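J.: One structure follows; several queries about it will come next.
The values are calculated or read from the model by the stated rules, or taken from the named source; none is laboratory data. Keep in mind that this is a model prediction, so the values were computed, not measured. Positions of Cβ are backbone-derived with ideal geometry, glycine not excepted, and every protein chain shown enters the neighbour counts. Heavy atoms of the whole protein, side chains included, go into the accessibility calculation; ligands, DNA and RNA do not. Shrake-Rupley method; radii C 1.70, N 1.55, O 1.52, S 1.80 Å.
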Amino acid sequence: MPDPRILILATGGTIAGVAGSATRHDYRPGQIGIDDYLAKVEAIGLPATLEGRQIANVGSEDMSPAIWARLHAEIAAAFADDACDGIVVTHGTDTAEETAFLLDLTLPSDKPVVLVGAMRPADAVGYDGLRNFANAVRVAGDRRAAGRGVLVVMGDRVFAARDVRKVRTRGSEDAFRGFPRGSVALVTPSALEWFGAPWRSDNCARHALPAEMPEVPILYVHAGLEPGMVDRLTGPRTRGIVVAGVGEGNMPEPVRGKLAALAAQGLAVVRASRVDEGLVDREPDDESNRFVAARAFNPQKARLLLQLLLANGRRDPAAIQAGFDDPYA
Ligand code: SIN
């Protein structure tokens, strides 16, 4: 078997970060360019042919719709290129789950697309980036990764974009988790074990990536939240709002009333939870309030999904709810 040909799209993050000292914490992400990074990787001798392209070199807090559009176009071109077997995207860990989910919903799934990051900068003691990178290349070179949507490799675990979330701010072990389904494979540079069959019923993209994403803020609920905050967050361009509610997507009664009035005027309102593993199911009042339940999606993923549903013509709460019940239908 010839070595797989993997396209590396670099966007920055800690995996390309440096501190200038092996022990400093105040490092800067997105410092090493892709050519220098691949020169470092060459020493490992991975059984793959790698081609690198720099898309951006930012800390992932600066990930933006413009960078997403470039990334999306590059990956779509790679799908059409017979000389490419799989794609690895190097990315900061802070918003990797958002980029992965957005790409997952807007790209076909017939070639592997794998996001990878690191929790420690490249010159730190215990840099995790090279192992993660080697693992990601291994996954991207495996035809069995196709049909599973966009994947995220962190440590020796592989996660599906729909489930993955960052759960720790420090340390490289267990910084990511899959919810509600856990990881989908175990990988090392020399082995890859998938835990189940591909789950996409076909490989088509589920939604078109719009030229402009509709305005959808997130309302973070806390004890004592006043309904006036809803007014401060929404304006004439706002098309929807995601509530990062307490518990199962709950909010103070005056806030609920305010949002129900806006939903009656056509604003899409999605109830998610600020709880890390917060499953939000429909409750009896959702029907009359015209609210949507985010199910297992955390607020930041619920926001992206709502933006795509709105941009692709879903207006009615029942149609938006169906998009949350199964975004891959
Ligand atoms: C970032 O997300 O760019 C910084 C943090 C990281 O990559 O771990």
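J.: So what is Rg over Rh here for the chain, counting just Cα atoms and using Kirkwood for Rh?
T.: The Rg/Rh ratio comes out at 0.99.
J.: Roughly how big is the chain's charge dipole about its Cα centre, with Cβ charges of +1 (Lys, Arg) and -1 (Asp, Glu), in debye to the nearest 20?
T.: 240 debye
J.: For the range 5-194, with the dipole built from +1 on Lys and Arg beta-carbon atoms and -1 on Asp and Glu ones, taken about the Cα centre, which of Gly33, Val150, Ala77 lies farthest toward the positive end?
T.: Going by the Cα projections, it comes out as Val150.
J.: Packing-wise, with mean Cβ within 10 Å as the measure, how do 107-115, 16-24, 87-95 rank, highest first?
T.: Highest mean packing first, the order is 87-95, 107-115, 16-24.
J.: Still on this structure, I have one more. Using a probe radius of 1.4 Å on heavy atoms only, what accessible surface per residue do you get for the range 133-175? Whole Å² is fine.
T.: Accessible area per residue: 35 Å².
J.: Looking at the square roots a ≥ b ≥ c of the eigenvalues of the Cα gyration tensor of the range 100-238, which shape do they give, rounded for a/c under 1.5, prolate if a/b is larger than b/c, or oblate?
T.: Taking the square roots of the gyration eigenvalues as a ≥ b ≥ c, the range 100-238 is oblate.
J.: Quick check on the range 218-325: of the DSSP beta bridges with both residues there, what percent are antiparallel, nearest 5%?
T.: Bridges in the range 218-325 that DSSP calls antiparallel: roughly 15 percent.
J.: What is the range 83-134 by shape, rounded, prolate or oblate, if you read a ≥ b ≥ c off the alpha carbon gyration tensor as root eigenvalues and call it rounded for a/c under 1.5, prolate for a/b larger than b/c, and oblate otherwise?
T.: Verdict is oblate for the range 83-134.
J.: Next question, about the same structure. According to the square roots a ≥ b ≥ c of the eigenvalues of the Cα gyration tensor, what is the shape class of the range 218-325, taking rounded for a/c under 1.5, prolate for a/b larger than b/c otherwise, and oblate for the remainder?
T.: Rounded shape, in that the Cα axes give a/c under 1.5.
J.: For Asn312 and Ala69, what does the FRET efficiency come to when R0 = 22 Å and r is the distance between their Cβ atoms, rounded to the nearest 0.05?
T.: 0.90
J.: Based on the mean of other beta carbon atoms within 10 Å per residue, what is the order of 40-47, 225-232, most packed first?
T.: 225-232, 40-47
J.: By how many nm would the segment from Ala197 to Asp35 grow when fully extended, if each residue of separation counts as 0.36 nm and the alpha-carbon distance is taken off?
T.: Extending this stretch completely gives an extra 54.8 nm.
J.: Something else about it: At a Cα cut-off below 12 Å, give the aspartates and glutamates reachable from Lys166, other chains included and same-chain residues fewer than 8 away excluded.
T.: Asp94, Glu97, Glu98, Asp174, Asp276, Glu277
J.: At 1.4 Å probe size, with the rest of the protein present, what percent of the exposed accessible area of the range 5-194 is carbon and sulfur atoms?
T.: Here carbon and sulfur together make up 48 percent of the probe-accessible area.
J.: Relative contact order for the range 170-329: what is it in percent, counting Cα pairs under 8 Å that are at least 6 residues apart?
T.: Once divided by the residue count of the range 170-329, the mean separation gives 21 percent.
J.: Here's another thing I want to ask about it. How large is the accessible surface per residue of the range 30-74, computed with a 1.4 Å probe and reported in Å² as a whole number?
T.: Each residue of the range 30-74 exposes 53 Å² on average to a 1.4 Å probe.
J.: I've got another one for you. Which residues does the label zone of Ile44 cover in the range 153-188, counting backbone N under 14 Å from a point 7 Å along Cα→Cβ?
T.: 153-157, 187-188
J.: Can you tell me the order of 260-270, 209-219, 154-164 when each peptide is scored by its average per-residue count of other Cβ atoms within 10 angstrom, highest first?
T.: For the peptides 260-270, 209-219, 154-164, the packing ranking is 154-164, 260-270, 209-219.
J.: Report the antiparallel proportion of the DSSP beta bridges in the chain as a percent, rounded to a multiple of 5.
T.: Here the share of antiparallel DSSP bridges comes out near 35 percent.
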